[in-house]
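Here, each number is a calculation from the coordinates, and none is a lab measurement. Keep in mind that what you see is a predicted model, and the values were worked out from it rather than measured. Quick reminder, even Gly has a Cβ in these numbers, built from the backbone with ideal geometry, and neighbours come from all protein chains shown.
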Amino acid sequence: MARQTTQAAKTDKGGRSKSRPSLSLTKALGLIILIEGLALGFKFYDDRQRLISAKQVEAHREALAISERVNGHIKTVEQTLRLGFQAGWTPQQTGRAHPDLESVVSMADALTATDGSRLRRAGETASQLLAQNRLAGLTTEGDVIIVFDPSASGPRFGLVPAPDWLPEARGNRKFTLLSAQAEGAELSGPGQLTACSRLTNADLSVCVRNSFPTVSRAELLSLLIYGLLLLGPALAILGLFRMFERRRIESETFEGEATRAGRILKTVLNQAKAGFWSWNTKTNQIWISNEAAELLGRETAFDLSVDEFLRFVHDDHVESLKQALRTMQERGFISQVFASQDKSTWLDMRAKPDEHTGAINGILQDVTATKVAVARTRQAENRLRTALEGFSGPVALWDARKRLIYWNRAFVRVFGLEPTVRAGMGYDTVMLSQATNIIDRRPSIEDDHTEIVKIRDGTWFKIVERSTKSGGMLTVGLDVSSDVRNEVELTKQQGRLRKLVAELERSETRTAELTRHLKLEKQRAERSANSKNAFLANMSHELRTPLNAINGFSEILVGELYGPLGDDRYKEYAQDILDSGKHLLDMITDLLDMAKIDAGKMTVDLHPIDIVDPVDAAIRMIRRKAEEKNISLKLAANSNLPLVEADHRAIRQMILNLVSNAIKFTDEGGEVRVTVDQKDKELRVAVRDNGIGIPPDALPRLGEPFEQVSDTRDRNYDGTGLGLALTKSFAEMHGGRLTIASEQGRGTQVSFYLPVPAHQQSASTSAA
C-alpha cells in the first residue's frame, strides 16, 4: 500500500511521469568557478602562510647570528674592563683600550652626577643590572651598558652606542636592540614580522623586523587570476598552471637562499674561529658541530659524553668546567674559558638552555689570540714598572690630560707623597702636595721645563719634564747635590783667589826675591784656579746630569722595555751609546775624585777589615771584562792575614783601577794575577800582568794625574791616567804607599802597601 502511494506521487494528474529538472549550464559553470575560486582561495592562504613562515625562519636565523656577534662584543668589553681593573688602569685608560667603548665610568661617579643627566640615568640602569645579576642592558638613550663589579674598588660600566654593533637596515629588514622587559611592547604590528633572540646573561634582545605589504605582488596576481577564472574555465586552468609554476620557482629560490645562508653562517663561524655545541641533559650527550670539532682537533661533527668531552680539557681546568656545567641550570647560562689538553689553544664555552627543548645550545670559540695579547700586555707593564723602580731618582708618567699613571718609590719618598698619592691624580694636585717637602727652588739655564729643587733632607734634584709621543708627559728627577756643592766650592775658591791677588798687588815694597816668589805663587794659584774652574764647570750639571739621562734611557732602549725596536741595529746603536755614556761618566767620576783629593775634601772611612774581602769583590766585578779579552784573572791570598784599618770602598776602587789597567795593557790570552800577602809590618796587594810593559823613562811620571805612557793622539789605549793617580792617593790616605815595577815586553807589577796596626802585628806573629 505504501509502495503504491509513493508511486502515485511520482505521476502528475495527467498520468505522465514527473522527472527532476537537470542543472543548467550556467549553474554548472558557476559551480565550477566556485569550486575553482575556493581552491584558489585555499592556495592563496597557503602561499601567504608559507611566505610568512619563510620570513619568520629567516628573521629568527638572522636574529640568532646577530645576537651571538653582540654576545661576543659584550664579552670582549667585559674582558677589557676586567683587564683594566687588574692592571690598575683608570676608567679613562680602560675606555681607550677598546675601539667600541665610548666611555668607561665608575658607579660612584655616575650616581653622583646631575639628576636627569645621561650619566646619572646610565648609573641608575647599571644599578638595576647589578641587582638583577645581569652583565649588560640598555639605557634610556638606547646605549648598550656593560657592567663589571670587581668588588675591590666598586663597580664600573662601559657605554657603547647600540648602532655600532648592529648591521645597517637592508631592504625591508631593520635591526634593533631592545630591553628584554620591553620586548613584548615593541613587537610588530600589521604588515610586519619581528623575530628576537635573547642575549646570554644580559637584559637585551636582538630583534629583526621584516616589513611586507598586506597584499604582495604575487598575491595580487593570484587575485587577478581568480577574477579571470570567474570569466571562464580556460582562464582558470591557465591561471592555475602559472600559479603552480610560480610556486615551484619560489620553492627552489627559498631552498637556494637557505643554502646560501648556511654557507654565510659557516663562513662567519670560520672567520670567528667558533662552532656550535649542544648538550642533551637527558642523555648526557654533547653534540659538536664541524667547526667546533676542528677547534678540538677533530675533522667532522660527532657526539660524545660529558666525561669524553672533558678529555679534551687541560687537567688544570677540568674541575672549574665541571662546576660551571653543574651550576648552569641555576645560573641560566654558561660562560667558561679553558685550555686544551696540550695548552696550545684557549677556548671560550658559552651557552644557554633552550626554553622549548630543554637542551643546552651554545658557541665554542677560539680565544687564544686574546689570551696571548693579555699576557703580552702584562709583561710590558711589568717591564715598565721594573725599569721605573730600578731608576734611583724620582720618575712619574702622566697621560694626555696630565693625570698620574705610573710612578716609582723614589718619587713618593723624595717628595713625601706616601699618604696621598694615587693613580688618576691631577698634575696640579700632585705639585701642591709635594711643595711641602721642597724648601728651595732654582731655575735651570737649560729650558723652561727644567728646574733645580732642594728637599728637606738637603738633597738637590734636577727635575726634567718632557712630552711623550702619546701626548702625555714624563717627569724625571736627578740627584745633583754634588754639582751644587762644587759650584759653592768654586765660588769660595774664586773669592780666595781674588783676595790673594789683592794681597800680592799691595806688596810692592817687598824685596825682589819675595816679589819673584809671590809671582810664582800667583801663577801657580791662577793655573790651579783656572784648571779647577774649567774642571768644575765641565763636570757640573752640563755634563753629568745629561749623561745620567742618556745612560738611563739607553738602558731602557737596550732592554726594549717598551717593546721591540724593530731593526737590530737600533739596539746595537743604543748599546754603543750606553757604553760610551758609562765610559764618560767613569771619567767624570775620576776627575771629581781627583779634584776632591787635591782640595783636601776626600776622606776615607777606616775600619778593621779583612783585606781579601774588597779585593775579591773587585775581582768579581771586573771578571767579565777579562773574559771578553780571554784573559786569565787569578787571585792568590795568604791565609791568616791580619786585619787592617782601611776603607772597604776605597780598597775595592783601587783594585778595580789596577786590574782594569792590567787588562787594558794585556793582549788576548794573557794573564793577570792578584796577590795578597804580608811583608814585615805591611800588607801587600800586588797586581801583575804579562802585558806590553812600561818604558823605563816613563816610570817616574806614572802615578801623577793625567800622566800616561804615551801622549800621542793615535795611541791604542784610551784613558785619562787618573786611575793610577787615584790609587796612589788612596794608598797614601791609608798611610801606605804605591810601587811600580815593569819590564817592557814582559809585563808590569803595581803594588800598594798598607800598614798593619801594632796589635794586629803581634796577633799575626802568634798565629804564624
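Things worth noting here:
- Projected label distance in nm at Arg376 and Glu503, using a 7 Å step from Cα toward the beta-carbon: 7.2
- Counted residue by residue at 0.36 nm each, then reduced by the alpha carbon distance between them, the extension gain from Thr459 to Arg620 reaches 54.8 nm.
- Listing Val367, Val414 from fewest to most neighbouring C-beta atoms within 10 Å gives Val367, Val414.
- Here the spin labels are modelled as points 7 Å beyond Cα on the Cα-Cβ line, and at Gln49 and Asp440 they lie 9.9 nm apart.
- Between Arg385 and Ser106, the modelled label-to-label distance comes to 1.9 nm, taking each label 7 Å out from Cα in the direction of the beta carbon.
- What the Cβ-Cβ distance of Val318 and Arg422 gives, at R0 = 30 Å and to the nearest 0.05, is a FRET efficiency of 0.15.
- Taking the fewest neighbouring Cβ atoms within 10 Å as the starting point, the ordered list for Leu204, Leu101 is Leu101, Leu204.
- For the listed residue pairs Lys629/Lys728; Lys522/Lys664; Lys499/Lys728; Lys371/Lys625, the alpha carbons are over 30 angstrom apart in Lys522/Lys664; Lys499/Lys728; Lys371/Lys625.
- Annotation: the residues Lys681, Lys174, sorted from fewest to most other C-beta atoms within 10 Å of their own C-beta, follow the order Lys681, Lys174.
- When peptides 546-559, 61-74, 462-475 are sorted by average Cβ neighbour count within 10 Å, with the highest value leading, the order is 61-74, 546-559, 462-475.
- Reported to the nearest whole Å, the Cα centre-to-centre distance from the range 638-656 to the range 427-476 is 41.
- Two-site FRET efficiency, Asp610 against Thr76, from Cβ-Cβ distance with R₀ of 56 Å, rounded to 0.05: 0.35
- Taking the range 433-477 and a reference point 7 angstrom along Cα→Cβ of Val488, the backbone N atoms nearer than 18 Å belong to 438-443, 452-462.
- Given R0 = 22 Å, the distance between the Cβ atoms of Asn638 and Ile740 translates into a calculated FRET efficiency of 0.50.
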